[in-house]
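The structure appears right after this line, and notes come after that.
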Amino acid sequence: QVQLEESGGGLVQAGGSLRLSCAASGRTIRMYTVGWFRQAPGKEREFVGNINWNGGTQYADSVKGRFTISRNVVENTLYLQMNDLKPDDTGVYYCAADPRTWTMVPVTYDYWGQGTQVTVSS
């Protein structure tokens, strides 16, 4: 199984940028669809974006054109570059891995990190 650890969260003003990292260990991320989800206080966890074993990507409509997912298979790390951040992007960001499918649905992801907080001030 794979273990995941996020980093890179913080406080940023609206319009700013952050890059999140997700370091994987135990298995190579090339074996999985790996993705980012986020959860704001009082709301359900929602899909942000993912990248599959072939490098294909999917994004939530709310982040298209602003967020970019990438991976470094040598470093076994997933990244989320977030530009033009908005207050609605505030939440805990989780990295997750799905060993079987390429979906936007949290329940199909078997492995999760502990999350990193992103706060965007207006």
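The values are calculated or read from the model by the stated rules, or taken from the named source; none is laboratory data. Being a predicted model, the structure only gives us computed values, none of them experimental. Glycine gets a Cβ as well: all are built from the backbone with ideal geometry, and neighbour counts include every protein chain shown. Ligands, DNA and RNA are stripped out before the accessible areas are found, and what is left, the full protein with its side chains, is counted by its heavy atoms. Shrake-Rupley method; radii C 1.70, N 1.55, O 1.52, S 1.80 Å.
Looking at the range 33-57, which of the residues that are modelled with pLDDT of 95 or more and of a type in the set (F, W, Y) is farthest from P106 (Cα to Cα)?
Per the stated criteria, the residue is W36.
Would you pick out the residues in the range 60-104 that are more than 13 Å from the chain's Cα centre (by Cα) and of a type in the set (A, V, I, L, M)?
Listed by number, the residues that qualify are V73, V74, L85.
V105 - would you say it is open to solvent by 40 Å² or more (accessible area, probe 1.4 Å), aliphatic (A, V, I, L, M), farther than 21 Å from G26 by Cβ and in contact (Cβ under 8 Å) with a residue 24 or more places away in the chain?
Values: open to solvent by 40 Å² or more (accessible area, probe 1.4 Å): yes; aliphatic (A, V, I, L, M): yes; farther than 21 Å from G26 by Cβ: yes; in contact (Cβ under 8 Å) with a residue 24 or more places away in the chain: yes.
Here the answer is yes, as V105 does meet what is asked.
Just for strands (runs of 3 or more DSSP E) wholly inside the range 72-122: which have at least 2 residues that are under 12 Å from G16 (Cβ atoms) and hydroxyl-bearing (S, T, Y)?
Of the strands (runs of 3 or more DSSP E) lying wholly inside the range 72-122, those with at least 2 residues that are under 12 Å from G16 (Cβ atoms) and hydroxyl-bearing (S, T, Y) span 116-121.
May I ask you to verify whether R66 is open to solvent by 20 Å² or more (accessible area, probe 1.4 Å), within 29 Å of S121 (Cβ to Cβ) and without any contact (Cβ under 8 Å) to a residue 24 or more places away in the chain?
It is true that R66 is open to solvent by 20 Å² or more (accessible area, probe 1.4 Å), within 29 Å of S121 (Cβ to Cβ) and without any contact (Cβ under 8 Å) to a residue 24 or more places away in the chain.
When D84 is evaluated against the numbered criteria (1) within 18 Å of I29 (Cβ to Cβ); (2) open to solvent by 20 Å² or more (accessible area, probe 1.4 Å); (3) modelled with pLDDT of 95 or more, which criterion, by number, is the only one it fails?
The one condition D84 does not meet is (1).
When you check V2 against the structure, is it touching a Phe, Trp or Tyr at 6+ places or on another chain (Cβ under 6 Å), closer than 13 Å to G91 by Cβ and β-branched (V, I, T), yes or no?
It is false that V2 is touching a Phe, Trp or Tyr at 6+ places or on another chain (Cβ under 6 Å), closer than 13 Å to G91 by Cβ and β-branched (V, I, T).
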